[in-house]
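Chemist: Take a look at this one; I'll ask things after.
Values in this text are rule-based calculations from the coordinates and carry no lab data. In this text, all values refer to a predicted model and were calculated from it rather than measured experimentally. Using ideal geometry, Cβ is built from the backbone for each residue, glycine included, and neighbour counts are taken over all protein chains shown.
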């Protein structure tokens, strides 16, 4: 029950009705016996600065940030941690006595899920599909895990070039049109193949990025950051090819648990979060 002592948390974005963060976070807060409440707050782009100042003035302990504000919010924060600065996006804000600090917990969510399934990136080769916001978090997660090299396949090379130009200072990275035979044949050498695009996400489950599966070795670990549906067409094709697969569910849970710890100082019960998520998704 909310009282005058209840600490407030939430998520901002627009639209926001689809967000599952309230489901995850309130389940974890209840399980931990913490007097917190987490709500979804629709904030249009033109109102972002005033919304941030209002949340700050109201004494919220923190909040998550989703589309379209992950980059736009950065000038309105007092500080930004290294990962969020390098990725160029914030998904979690902590209010520490009126000082707002931005973080990106997607990096933690991606990397911890990968490692928990036995894939150790150090010294290995990764192939990524897509070069949007999700790709930036994935690349930085791989860099922090000491990946050996990264090859990226995209539909629009020129649009993606600034991303590879930036990350070249941290890792050996190459950019290709994903229709290029050099990229497709090069998949044979990939230890890890990651879809960072939204292709295949419900309600467009029949879509998938271009992959010629005859070049993908069965030993390659295949990861899709999408979590609805549970198995995208991309993952179904990988499974048919004999690959070990992983969807984005654990990444979602991991980033949420990392945010929970930043706000509360306590570890979230990820099992409780997962059960609440499965119930909400009907799986």
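Chemist: Being crowded, with 21+ Cβ neighbours inside 10 Å, without any contact (Cβ under 8 Å) to a residue 60 or more places away in the chain, assigned to a helix (DSSP H, G or I) and at negative phi, is that true of even one residue in region 65-78?
Modeler: The answer is no; no qualifying residue exists.
Chemist: So in region 82-107, with the set limited to residues that are in contact with a strand residue (DSSP E or B) (Cβ under 6 Å, 6 or more places away or on another chain) and assigned to a strand (DSSP E or B), which one is farthest from residue 166 (Cα to Cα)?
Modeler: 95
Chemist: Considering only region 199-242, state which residues are touching a strand residue (DSSP E or B) at 6+ places or on another chain (Cβ under 9 Å) and more than 20 Å from residue 186 (Cα to Cα).
Modeler: 199, 200, 225, 226, 231, 232, 236 - these are the residues of region 199-242 that are touching a strand residue (DSSP E or B) at 6+ places or on another chain (Cβ under 9 Å) and more than 20 Å from residue 186 (Cα to Cα).
Chemist: Further question: Taking the condition surrounded by 14 or more Cβ atoms within 10 Å (Cβ to Cβ), touching a residue at least 24 places away in the same chain (Cβ under 8 Å) and closer than 26 Å to residue 226 by Cβ, does residue 89 pass?
Modeler: yes
Chemist: Say we look at region 244-266 and pick out the residues that are on the phi < 0 side of the Ramachandran plot and more than 19 Å from the chain's Cα centre (by Cα); which of these is surrounded by the fewest Cβ atoms within 10 Å (Cβ to Cβ)?
Modeler: Once the filter is applied, the top-ranked residue is 266.
Chemist: Filter region 102-127 down to the residues that are out of contact with any helix residue (DSSP H, G or I) (no Cβ under 9 Å at 6 or more places or on another chain) and without any contact (Cβ under 8 Å) to a residue 40 or more places away in the chain and list them by number.
Modeler: Residues satisfying the conditions are 115, 118, 122, 123.
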